[in-house]
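The values are calculated or read from the model by the stated rules, or taken from the named source; none is laboratory data. Because the structure is a prediction, the values reported are computed rather than measured. Cβ: placed from backbone, ideal geometry, glycine included. Neighbour counts: every protein chain shown. We work out accessible area using only protein heavy atoms, side chains counted, and drop any ligands, DNA or RNA first. Shrake-Rupley method; radii C 1.70, N 1.55, O 1.52, S 1.80 Å.
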Amino acid sequence: MITRNIGFSLLLAFGLIAAALAANWAADASLTGPDFPDRISGALIGLILAVFSNAVAKRFPGRAPAAGAAAPKHFMGLAMVLGGLAYAAAFLFAPIDLARWIGMGAVIAALIVTALRILAGGRAAGSTPERD
């Protein structure tokens, strides 16, 4: 689904802009509430973060990774997927003023957890450190 070609990127950008314009039009036409464009845009941003984080976690550039070398990257992908889903859910279900704080808090928490995991050496619980 996610490729490196410019066509996919342009299509995704067009889709995001079209969704934002449609949501804004619906709000202007009084078909929805005034916070509908913010909710749609926030939910789409969260979903895109989740989808791209999942794709990044599955790629390991270069040669085949050493045993366990991909674990921190997979952990980061999982944390960011959960952060993106929480961001989207906050914009869909929480009051809009609170959704901004909840969404950003979820993404920042995912980044902090990832940084702590990397600083801890990326070792899983119960594993023993390598010895020279």
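Some values worked out for this structure:
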read-out: Enumeration of residues in region 5-41 that are surrounded by 15 or more Cβ atoms within 10 Å (Cβ to Cβ) and within 18 Å of Ala90 (Cα to Cα); value: Ala20, Ala23, Asp35, Phe36, Pro37, Asp38, Arg39, Ile40, Ser41
read-out: Subset of region 2-42 [assigned to a helix (DSSP H, G or I) and among the hydroxyl-bearing types (Ser, Thr, Tyr)]; value: Ser9, Ser41
read-out: Residue that is surrounded by the fewest Cβ atoms within 10 Å (Cβ to Cβ) [pool: residues in region 82-124 that are part of a loop (DSSP other than H, G, I, E, B) and touching a residue at least 24 places away in the same chain (Cβ under 8 Å)]; value: Ala124
read-out: Flag for Ala13 being on the phi < 0 side of the Ramachandran plot and either at pLDDT 90 or above or over 11 Å from the mean Cα position of the chain (by Cα) (or both); value: yes
read-out: Single condition Ala50 does not satisfy, out of (1) at pLDDT 90 or above; (2) open to solvent by 50 Å² or more (accessible area, probe 1.4 Å); value: (2)
